[in-house]
Amino acid sequence: MAFSALSQQFKKLLQFSEPGRQWPDFQSSLPWYDRPDALESLDRLVQQGELNAEDYALLVKWCTDGYVILNDCVNHELIDRMCEDVDALWTAAEPFQGLQIEEVRKDPSSVPGIAHSDLLQIPEQKRLQIKARDRWRVHGFYRFSAAARELYEDPTLKSVCSKLLRQEAIPHYSINFIYGSRQELHQDTAVFHVFPANHLIGAWIACEDVSSESGPLVYYPKSQKAGFFKQFNNYPQTNLRTCELSLTHKYNDHLNSVSKNYERKRFLAKKGNVLLWNGLLLHGGDVVENDALSRKSFVCHFIPQGMDRSQEVVGPFNWG
């Protein structure tokens with residue numbers, strides 16, 4: 001099917017939805033790169049003179065392996081300015097209203113997570129002890145830092161992701177990680193509510209050289225071809241955010257089993273390198289062997305306009 005015809009089909013799918021209703025079949029709405037004829041469609045575009053050799057190689061890699069790596073893609077000075085802004089949160093004179101520091105505890109018995117305004121109420125000496133002790137991170141920092149916003153809207157990243165999606169890519173949902181995430185294997189599609197299905201690209205930007213002992217990102221090339229967890233049978237309504245706890249355990253067991261069929265790689269990135277991955281690609285955080293080491297990174301996700309359907313999904317929800 002030609003890309004123009006696919007675009008018309010997806011416009012019709014985007015018009016669908018009432019909260020709580022049955023959504024169209026996941027497989028029927030997949031992006032061009034997850035379809036059986038993806039490589040053939042690229043060959044046709046080359047024959048028609050609509051695709052140059054460099055972009056053809058990029059898109060073949062994307063279709064085949066489910067990821068691409070962009071070397072030294074992001075300006076180091078911009079990264080440094082953003083990291084300085086993140087670090088300055090702990091000694092700021094005024095709070096950022098609406099900003100939450102995740103995984104921070106006033107004391108070991110506290111619920112994790114604290115508003116920036118509440119953090120600044122803690123005496124500075126104790127505050128800095130907490131900073132060194134906890135494995136904290138920050139969501140949506142582009143709303144508070146000009147440097148983070150500039151990176152979030154980086155034109156090179158947006159251009160590459162738009163080529164991969166073959167339509168305009170819009171950045172969503174950023175996270176600044178300071179330390180290794182230790183995340184279990186997952187697929188981003190199982191975390192977000194994106195429809196038509198899997199029109200989603202994850203972008204992991206190294207904000208420093210990554211040590212093998214710091215819990216680097218792990219990923220499984222070609223694992224996007226294993227597809228989606230079949231028991232999430234009304235996506236985007238049903239996923240990890242909305243399912244029962246028992247189904248979460250089954251999902252984790254399923255991915256651990258699936259991962260055995262694919263090569264395991266670690267992203268031992270240099271500062272400024274970027275890993276882009278398909279929303280169905282298996283990935284997670286490796287074991288942290290040295291807790292003293294940071295693993296600074298900036299993660300965001302690219303989704304075409306109108307395909308983030310989170311406001312149309314009904315609860316209860318397993319997180320915010």
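The values are calculated or read from the model by the stated rules, or taken from the named source; none is laboratory data. Note that the structure is predicted; figures quoted are calculated from it, not measured. Cβ coordinates were reconstructed from backbone atoms using ideal geometry, including for glycine residues, and neighbour counts include every protein chain displayed. Heavy atoms of the whole protein, side chains included, go into the accessibility calculation; ligands, DNA and RNA do not. Shrake-Rupley method; radii C 1.70, N 1.55, O 1.52, S 1.80 Å.
Couplings 3J(HN,Hα) of the range 69-74, computed from phi: 10, 10, 7, 6, 7, 10 Hz, in residue order, whole Hz [Karplus 6.51 cos²θ - 1.76 cosθ + 1.60, θ = phi - 60°; x for Gly and Pro].
Across the accessible surface of the range 159-222, with the other protein chains kept in place and a 1.4 Å probe, carbon and sulfur atoms take up 46 percent. Rolling a 1.4 Å probe across the protein heavy atoms gives the range 155-266 an accessible surface of 40 Å² per residue. Placing unit charges on the Cβ atoms of the charged side chains and taking the dipole of the chain about its Cα centre, the candidate lying farthest along the positive direction among L39, L247, L128 is L247. Solvent-accessible area assigned to carbon and sulfur over the range 62-156 amounts to 47 percent, based on a 1.4 Å probe.
In the range 244-320, the portion of solvent-accessible area held by carbon and sulfur atoms comes to 49 percent [1.4 Å probe, whole percent, DNA, RNA and ligands not counted]. Between E168 and Q129, the contour length at 0.36 nm per residue exceeds the Cα-Cα span by 9.7 nm. Taking every DSSP helix (H) stretch of at least 4 residues in the chain, weighting each as -39,500 (n - 2.57) and dividing the sum by the residue count yields a mean residue ellipticity at 222 nm of -8500 deg cm²/dmol. The phi-based Karplus calculation (6.51 cos²θ - 1.76 cosθ + 1.60; θ = phi - 60°) puts the 3J(HN,Hα) values of the range 271-277 at 3, x, 6, 10, 9, 9, 9 Hz, whole numbers, x for Gly and Pro. Applying a threshold of 24 Å to the alpha-carbon distances of K222/K250; K131/K296; K225/K265; K158/K296; K131/K158 flags K131/K158 as lying beyond it. What separates the Cα centres of the range 154-225 and the range 288-313 is a distance of 6 Å. Considering only L157, Y220, A92, whose Cα is most displaced toward the positive end of the charge dipole of the chain, charges sitting on Cβ of Lys, Arg (+1) and Asp, Glu (-1)? So the residue furthest toward the plus end is Y220. Were the residues from V287 through S159 laid out at 0.36 nm apart, the gain over their Cα-Cα distance would be 42.8 nm.
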